[in-house]
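Take a look at the structure set out below.
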Amino acid sequence: MQAFLEMNRMDVVIPMAKEAASRRVHDGRVAQIGAQDAATDPCAAGEPLIEAARMTHDHDLADAADGLLVWALHNAPRNRSGIVYHFASGTEFWADSLYMLPPFLAAAGHPDEALLNFLGYWDALYDNESGLISHMWDDGRQCFSRKAHWGTGNGWALAAAARMLGGLLTRDRYAAGIADITDRATTLLADLLRHMRPDGLFHDIVDDPSTFTETNLSQMTAYTIYRGIHDGWLSDDWMDAADRMRTAAEHKVDEYGFVHDACGAPGFDAPGFSPEAQAFHLMMEHAFRALAASR
């Protein structure tokens, strides 16, 4: 949904939003299929749901967007500082949540809550020694439950920053927050790119060359750079790296449009295919073309 929203393909977003709304549960979480423990993942549908409701004036879509917001603001489990946990049970923060929740909160008109959660997740997961984002922090036990610097997790962090800096925060009121996110994202980019392979790809665990070579982090990082240059918080100096990653990712796409060798669903422990990789290929290409058209 987010990919098609950024491409302004509302003809696709609206039916997807209707499907997400039709699968909401009593507490407001949308797009629920099977197990229902995820606290932040449903919020990834939030921004497209808001836009679909605004365009169509559909009461069911509006109710679904409102219910999801009530969940995110009031009913989702969180720590004493107000940072929402990744699951409805347990006390973990995951890198995934950086992307799933804060952009939705900002798009829904709650930038203070968006910043609180974005910075809270980043502070918990950022590994100062490596300069990379770790995957899972257990806030209850105050330790990492998975310290590994998962490539896709670092991609979630960068893409979240790109969306937050792409207009979801107003520059007059949130200048300090924008500067903080910009500094964090550029620092992470620089440290991450030190681990890019000569072919423009990364390992699944960024700093562990024994793990498999993975495609989607290159797409997520190139997307972030193209958007960052377009939106003015990155300079053209980053363009060559983005182009290398984009070229590498394009070589992984088959004649049917499937992105190969991504961190594969549903286990995310081996190379394969994933909805995330399909979406970020579209987002990367759209960001590249939007930047080229603006020149």
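No lab work stands behind these numbers, since they all come straight from the coordinates. Quick caveat, the model's predicted, so the values are computed rather than measured. Because the Cβ atoms are built from the backbone with ideal geometry, glycine has one as well, and the counts that use them run over all protein chains shown.
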Q) How many angstrom separate the Cα center of the range 173-204 from the Cα center of the range 25-104? A) 26 Å
Q: Find out how many positive minus negative residues lie around I14, taking Lys and Arg as positive, Asp and Glu as negative, among other residues whose Cβ is under 13 Å from that of I14.
A: -2
**Q.** Least to most buried among E276, E129, E113 (fewest other Cβ within 10 Å first)
**A.** E129, E113, E276
Q. Cα-based Rg of the range 240-295 per 2.2 N^0.38 Å, rounded to two decimals?
A. 1.22
Q) Under the classification rounded if a/c is under 1.5, otherwise prolate if a/b is larger than b/c and oblate if not, where does the range 188-295 fall, given a ≥ b ≥ c as square roots of the Cα gyration tensor eigenvalues? A) oblate
(Q) What is the sum of charges, Lys and Arg at +1 and Asp and Glu at -1, for the other residues whose Cβ falls under 10 Å from the Cβ of V259? (A) -3
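Please label the shape of the chain as rounded, prolate or oblate, based on the square roots a ≥ b ≥ c of the eigenvalues of the alpha-carbon gyration tensor (a/c under 1.5 means rounded; beyond that, a/b larger than b/c means prolate, else oblate).
Rounded is the answer for the chain, as its axis ratio a/c remains below 1.5.
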Q. Are there trypsin sites (Lys or Arg not before Pro) in the range 135-207 that DSSP marks as loop and that have at most 16 other Cβ atoms within 10 Å, and which are they?
A. R141, K147, R171, R173, R194
